[in-house]
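Here the structure is laid out as structure tokens; the discussion comes afterwards.
Quick note: the coordinates plus some simple rules give every number you see, no bench work behind them. This one's a predicted model, so the numbers in the text were calculated from it and none came from an experiment. Please note: Cβ atoms are built from the backbone with ideal geometry, for glycine as well, and neighbour counts cover all protein chains shown.
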Amino acid sequence: MLNAPDTERSDYTFRGHLPALDGIRGLAIAMVMISHFLFRELFQNQTTFNLAQCGWLGVDLFFVLSGFLITGILVDSRERPEGYWSRFYRRRVLRIFPLYYFSVVVVWLTVLFVEHAPERLHGWDSFGWFFGFVPNIAMAFKGNWLYHSHVFSLNHLWSVAVEEQFYIFWPLIVRLLPPRMLLILCALLVHFSTDIRHWTDTDFGGNGGWTLASYMLPYCRMDGLAAGSFLAVFFRLGWQPFISYDRWVARILLVWMGWRTLDAVAYGSTQYLGTLSALTFAALLYLALNPHPKALVRRICENRFLMHLGQYSYGLYVFHEMLKYTWMHWFGDWLLVSGWHPVAIQTAFVLLAFGGSYVAARVSWMVLEKPFLRLKERGKGG
């Protein structure tokens, strides 16, 4: 489909509640959960497993979406005489802190009073890193995942920490820079992120591959966040009507970068992978915001199932990996020795673990998240 007439394009949507963005959240969390629920031993070769497990890139999709939403909120509120900081941080705290700290406290108490293993909680494995929203820093310097519990896992919260660290400095940058300068900064961050990861790997003793430091330190993940931020500013500058065949450019970028991303995943990921996935998902986001209600990508993203998952994506992300040991104990170990066909074993585990995580997320939404979100809505004018 060619570009729409100007009268249609004047209604380009990028503010307020956008159903397609709920679908993108749902797609991202589905990708991440499926990748974390796969059994390596059921796959015949590494390349097949790498492709099947590429859903871990859903974290990159979350980063692109977060950059788009957060930067949009900040740009829209920067001209307000007061409340720029307080409104933003109040809403972020009410959205992120309750569930995050609930999960951290539950695991901390489990280690202390159920597993009776306080000796684990020292040095890089100390829970102080989680309470301070910096577990990714500890993982980077330790060079490995943190070890704390045989019952629960919190290592996946590194990505939540990256976003919280992004929230610390980005509001100041958005407040100080004019939109066009902000656009240039975003483009530069995307361009140089691969080089920054290379430099980080050198500093942390990497041998040509990704170290945990280059994977999860905040300045190494700016390509995804900056790509989403670029789109937020781009739309608010109103430039999209002046770009000829912009959707065709986005389609070509989505297919080309998507193919290169899969190739990098299948045959050994490179430091370019983070930038490739950022550009892929930025193109996906651009097409999801197509004002044509029958546009293919928008219709996919507005699928009811994906939108439903998107509503509970935060709880799903926190609980699916936190409870993975539970799923293995309840039915994973049994499935692996059941003698079933590998496809049946894998499918059963994904469905059961997905269902259990969904129940936990729904309970969390009703009991923990929704009450705090009501407080957030009271500050909607800010």
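Let me check against my output: what whole-number percent is the relative contact order of the chain, with C-alpha pairs under 8 Å and at least 6 apart? Once normalised by length, the contact order is 32 percent. Computed over the alpha-carbon atoms, the range 174-320 gives an Rg to Rh ratio of 1.00, Rh here being the Kirkwood radius from the mean inverse distance. Shown here: the range 6-378, whose C-alpha atoms stretch 61, 46, 45 Å along the first, second and third principal axes, sorted largest to smallest.
Based on DSSP H segments of at least four residues, each scored -39500 (n - 2.57), the chain has a per-residue ellipticity at 222 nm of -21000 deg cm²/dmol. Farthest toward the positive end of the dipole of the chain, out of SER364, PHE43, VAL255, is the Cα of SER364, where the dipole comes from beta carbon charges about the Cα centre.
Look at THR280, THR326 and count the other Cβ atoms within 10 Å of each Cβ; fewest to most, that gives THR326, THR280.
A Förster radius of 45 Å combined with the Cβ-Cβ distance from ASP195 to SER338 puts the calculated FRET efficiency at roughly 0.40.
As a calculated quantity, the FRET efficiency between PHE113 and ALA266 at R0 = 56 Å, using C-beta atoms, amounts to about 0.80.
Just to confirm the filter: which trypsin sites (Lys or Arg not before Pro) across the range 302-382 are DSSP coil and have at most 16 other Cβ within 10 angstrom of their Cβ?
Details: sites: ARG304, LYS324, ARG362, ARG374, LYS376, ARG378, LYS380; in loops: LYS380.
Sites meeting the loop and neighbour criteria: LYS380.
According to the square roots a ≥ b ≥ c of the eigenvalues of the Cα gyration tensor, what is the shape class of the range 269-379, taking rounded for a/c under 1.5, prolate for a/b larger than b/c otherwise, and oblate for the remainder? Since a/c reaches 1.5 but b/c is at least a/b, the shape of the range 269-379 is classed as oblate. Would you work out which of PHE281, PHE331, TRP108 lies farthest towards the positive end of the dipole of the range 6-378? Charges go on Cβ: Lys and Arg +1, Asp and Glu -1. Final value for the positive-end residue is PHE281. Counted by neighbouring Cβ atoms within 10 Å, the residues TYR314, TYR245 run from fewest to most as TYR245, TYR314.
Note: the range 240-326, Cα convex hull, 140 Å³ per residue. Using 18 Å as the cut-off for backbone N distance, which residues of the range 133-153 belong to the label zone defined by a point 7 Å from the Cα of VAL106 along Cα→Cβ? Output list for this probe position: 148-153. Would you compute the Debye intensity of the range 287-334 from its alpha-carbon atoms alone, equal scatterers and no solvent, and pass along log10 I(q)/I(0) at q = 0.16, 0.26 Å⁻¹ to two decimals? With no solvent term, the Cα-only Debye profile gives -0.62, -0.89.
Going by neighbour counts of Cβ atoms within 10 Å, the residues VAL343, VAL114 line up, fewest first, as VAL343, VAL114.
Karplus-based coupling profile of the range 188-202, in residue order and whole Hz: 5, 5, 4, 5, 9, 4, 4, 4, 4, 5, 4, 4, 5, 4, 4, with θ = phi - 60° in 6.51 cos²θ - 1.76 cosθ + 1.60 and x standing for Gly or Pro. Placing a label point 7 Å from the Cα of VAL359 along the Cα-to-Cβ direction, the residues of the range 331-351 whose backbone N falls under 16 Å from that point are 331-332, 349-351.
Note the full-extension length gain between THR48 and LEU375 as 0.36 nm times their separation in residues minus their Cα-Cα distance, in nm to one decimal.
On the way: separation 327, 0.36 × 327 = 117.72 nm, distance 4.63 nm.
Between THR48 and LEU375, full extension yields an extra 113.1 nm.
With Cα atoms defining each centre, the range 277-293 and the range 308-382 are spaced 26 Å apart in the structure.
Once the Cβ-Cβ distance of PHE242 and ILE184 is raised to the sixth power relative to R0 = 25 Å, the FRET efficiency obtained is 0.90.
Within the listed set LEU94, LEU109, LEU287, the Gaussian network model of the chain (springs between alpha-carbon atoms below 10 Å) gives the highest mean-square fluctuation for LEU109.
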